[in-house]
Structures are given as C-alpha cells and as structure tokens.
Amino acid sequence: MQKFTLEFLLIIFFFSPFTSCKNDSNINLKEKPLKKEIPFALVIHGGAGTIKKEYMTDEQEKAYRDKLQEALDVGYTILKNGGTAIEAVQKTVNIMEDSPLFNAGKGAVFNSLGKQEMDASIMDGKTLNAGAVAGVSLIRNPINAALLVKDSTRHIMLSGKGAEEFARQYHLQFEDASYFYTEKRYKSLIKVKEKAGEKILFKIKPKKGSEQIDEHKLGTVGCVAIDKEKNIAAGTSTGGMTNKKFGRIGDSPIIGAGTYANNLTCGVSATGTGEYFIRTLAAHEVSNLIQYKNLSLKKALKHVVHVEIDSLGGDGGLIGLDKNGNIAWDFNTSGMYRAYKKSTGENVIEIYKK
C-alpha cells in the first residue's frame, strides 16, 4: 500500500508541471475579445420650407452643407469622448445659432417691430426635466438660457425680460441688437409688410457683410442625440416667423410640441409653422405612437407629418432618434436642411426632397 502511494505521488509530481504548462499555453493562445465600441449618434435640422435646387446657388448650397457638417462634428466629438447627450445638443445648436444662415440666434428673422424675439428649449430624456425661454431678444445663444432654466430653476419656461434678467444673473453672453441683424432677413420683413399693405414705421441701419441666406424656408434649428449611456436629449432654437406680432410664440419652446425626449421611446425636434405643431403636440405624439401603438420611429414621424399636420393644413418637418439609435426624419415641404452622424462612421447631409 505504501509503495503504491509513493509511486502515485511521484507520478503526480513529475507530470503535473507539464500539464500545468500545457494548460497555461492554451490559455495564452486564446485571443482576447475586442473592446466593443458603445454606439452613439446625433441628428440635426436647420429648417424646412420651399427649398429647391433651382433656388440655390452652388455657393449657397456649399455654405449650408459646410455649416451642417461643422455642427455635426462638434456634437459627434462630444459624444465620442463620453460626453452627455444634453451637452452634445447644446453645443451643436450653438454652432447653428452663431451662423447667419439659419433662423436662430444671429440669423433670426425680424418681428413686426423690426426686432428679434427668439425661443428655445431643451429636454433630458433620462429625467424628463426640461427648460425653455421665449421672446428673448439679446441673449446670444437662447439654447444656453433654456439649459440654464432646466438646471437652475424649478420652472420649465421663462419669457421676455424676465428670462433675460435671469440669464444676466448667471452671466450668459448678451449681444447688441446689431449682432443679430442680417440684410436679407430685413429685406424679407420689408417685403412681407409691403405685400400685406402694412406701414413701415422704423428703419434699421444696414450692417455690411456677405450672406448666403436662402429665403425660401421656414425657420428653426434642432438637434437630437443619444450618448454612450443610452440617454437621449433634444433641443430646438428659433427666431420664429417673419413679421410676427403681439409677442407671438411658436412651438419651439413648448415641450411636447417642438421638442421632446424620453429614454423609453425617442427624441424629437420640429420645424415649421408652429401653430400646427402646438395643436397636435407633434413631438410628444411621435413618442406616444412608439410607446402605445408600437410604431417604428419612421412610421410615427410619417403619421404625424402626413396625417395629423397635413389634415390641419400645416407645413414643416420632424427629425427623430429612438432608444436604439435609429434615426429618421419626415417633412411635407420641398426640402429640409438635415443631417446625421453615427458612431459607425455613417455621415449623411441632405437638403432637397428625394
């Protein structure tokens, strides 16, 4: 019995190192799994309307495409580096607000008194918290003020002078009225007033500068993003309608109408004649159709634009991004400035209706 035990132990002693080496060798030969990139994406719009190839010069089209790409790249970089969807939306919209090409911020249209009254909103799909400002005139980036309302108050929307006083307390950047002036926007106002037979009781001193603005579109810029944490955010900013009166406010600052985000469903931003998007609660309706009717994002957008908005005689479009990162857009005009970029590398910019 002792002899057997000794021999058995010797066998284990001599052969176990070789067995161990063999196993270690097999382990080392196994390939390490590649780190999977966490998906993220964003989609933007720069307004919809009668946007046709024949109305655009090559120079104008290039200017719009370049600016849309710049905006995409800013948001994409934030998301790629692990930034939040809220931050990506804010900074992306800032690029378009700072460009005279779009009806937001610097390129905002004139109201009936020859001034700018701008609106903006932003929403976090994780918490459903949101912020908005309406009827502000001198805040350089209204989307920044909307974000400040979301983060620093118990309110959702602030308006007019109250919103501007609030923004000053937090040292947001303000500009003189001349900063927002663009000659073509001013000429559009004069044209609209003359057509309506309205008297022009003011005169604005022109500001020199090269502008490539396309005048055949409705206003508004917007962005929807999903970050690596699967959180969705949406934001919208606009100068509203040319020659608008009596402090008119459209859908852009109204949560559920021009902007909506919910991690359970999607994020949406609208552009068009705001009254119709308010009456249908267009952005929230898209979310409802996904959540309660099991529609895809694409089908939900199509229904809202071509059934609900169309039935009222409204015009405009919607962009959206769902909880799985799927992107879609739809509009009932001849064009919409729109673009998206995904973590897969897919980068698309479109202007005209296909």
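Every number in this text was worked out from the coordinates using simple rules, so none of it is lab data. In this text the structure is predicted, and so the values were computed from the model without any measurement. Heads up, the Cβs are rebuilt from the backbone with ideal geometry, glycines too, and the neighbour counts pull from every protein chain shown.
Arranged from highest to lowest average of other beta-carbon atoms within 10 Å per residue, in what order do the peptides 290-301, 109-120 appear? Walk me through the intermediate numbers first.
Working: 290-301: 17.0, 109-120: 23.9.
Highest-to-lowest ranking by the protection proxy: 109-120, 290-301.
Sort MET123, MET157 so the one with the fewest other Cβ atoms within 10 Å of its own Cβ comes first. Can you show the working numbers first?
Values: MET123 31, MET157 19.
Least to most surrounded, the residues fall as MET157, MET123.
Taking the Cβ of each residue in CYS223, CYS266 as the centre, tally the other Cβ atoms inside 10 Å and list the residues starting with the fewest.
So the ranking, lowest neighbour count to highest, is CYS266, CYS223.
Report the net charge of residues surrounding GLY313, where surrounding means a beta-carbon distance below 13 angstrom and charges are Lys +1, Arg +1, Asp -1, Glu -1. Write out the running numbers ahead of the final one.
Values: positive: ARG279; negative: GLU275, GLU308, ASP310, ASP315.
Charge balance near GLY313 sits at -3.
Could you work out the mean projected area of the convex hull around the alpha carbons of the range 60-191, in square nanometres to one decimal?
8.8 nm²
Taking the mean number of other Cβ atoms within 10 Å as a proxy for protection, how do you rank 148-155, 323-330, 40-47 from highest to lowest?
40-47, 323-330, 148-155
Using mean Cβ contacts within 10 Å as the protection proxy, how do 52-58, 91-97, 269-275 order, highest first?
So the peptides 52-58, 91-97, 269-275, ranked by packing, come out 269-275, 91-97, 52-58.
Working out 0.36 nm times the residue gap between LYS293 and SER311, then minus their Cα-Cα distance, what length gain in nm do you get to one decimal?
Value of the extension gain: 4.5 nm.
Taking K and R as +1 and D and E as -1, what net charge do the other residues with C-beta under 10 Å from the C-beta of ASP124 add up to? Each step should come with its number before you reach the end.
Numbers: positive: LYS126, LYS150; negative: ASP151.
Summing Lys/Arg as +1 and Asp/Glu as -1 gives +1.
Would you kindly derive the ³J(HN,Hα) couplings of the range 296-307 from the backbone phi angles with the Karplus curve 6.51 cos²θ - 1.76 cosθ + 1.60 (θ = phi - 60°), listing them in order in whole Hz, with x for Gly and Pro?
Ordered by residue, 3J(HN,Hα) equals 6, 4, 4, 5, 5, 4, 4, 5, 5, 6, 8, 10 Hz.
Only loop residues by DSSP count here, and only those with at most 15 other Cβ atoms within 10 Å; note down the chymotrypsin sites (Phe, Trp or Tyr not before Pro) in the range 241-285 that meet that.
Sites meeting the loop and neighbour criteria: PHE246.
Treating the beta-carbon of each Lys and Arg as +1 and of each Asp and Glu as -1, no other charges, what is the dipole magnitude of the range 44-352 about its Cα centre, to the nearest 20 debye?
Details: 41 positive and 36 negative charges, 84 e Å.
It comes to approximately 400 debye.
Would you be so kind as to identify which of GLY125, THR182, SER296 lies farthest towards the positive end of the dipole of the range 44-352, taking Lys and Arg as +1 and Asp and Glu as -1 on Cβ and the Cα centre as origin?
Farthest towards the positive pole: THR182.
Just to compare against my own numbers: the Cα pair-distance distribution for the range 44-352, 20 Å bins, whole % per bin, please.
In order of increasing distance, the bins hold 38, 58, 4 percent.
Determine the dipole magnitude for the range 58-202: charges of +1 sit on the beta-carbon of Lys and Arg, -1 on that of Asp and Glu, nothing else is charged, the reference point is the Cα centre, and the result goes in debye to the nearest 20.
320 debye
Return a whole-number percent for the relative contact order of the range 44-352, with Cα pairs under 8 Å and 6 or more residues apart as the contact set.
Reported relative contact order: 24 percent.
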